[in-house]
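Every number in this text was worked out from the coordinates using simple rules, so none of it is lab data. None of the values given here were measured: they were computed from a predicted structure. All Cβ positions, even for glycine, are placed from backbone atoms using ideal geometry, and neighbour counts span all protein chains on display.
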Ligand code: SF4
């Protein structure tokens with residue numbers, strides 16, 4: 001079953017795009033330029049890297 005593996009605090013997100021670059025399976029841009037979490041089958045392996053490299057430390061696993 002697909003589900004959201006993470007959540008992003010959009011108040012602290014600086015919209016740098018690093019999470020999308022490192023883990024496009026889990027993150028993308030919305031039409032309005034905010035980060036959206038994509039539904040994924042289980043936990044994408046790249047999620048760890050995105051969490052570690054987020055400069056605003058605003059990604060949490062669910
Ligand atoms: S890496 Fe962090 S600060 Fe940068 S866009 Fe993703 S969630 Fe926002």
Looking only at the range 19-54, and only at residues there that are part of a helix (DSSP H, G or I) and surrounded by 17 or more Cβ atoms within 10 Å (Cβ to Cβ), the one that is farthest from the ligand (Cβ to nearest atom): 47
Of the residues in the range 1-35, those that are over 13 Å from residue 50 (Cα atoms) and in contact with a helix residue (DSSP H, G or I) (Cβ under 7 Å, 6 or more places away or on another chain) number 1
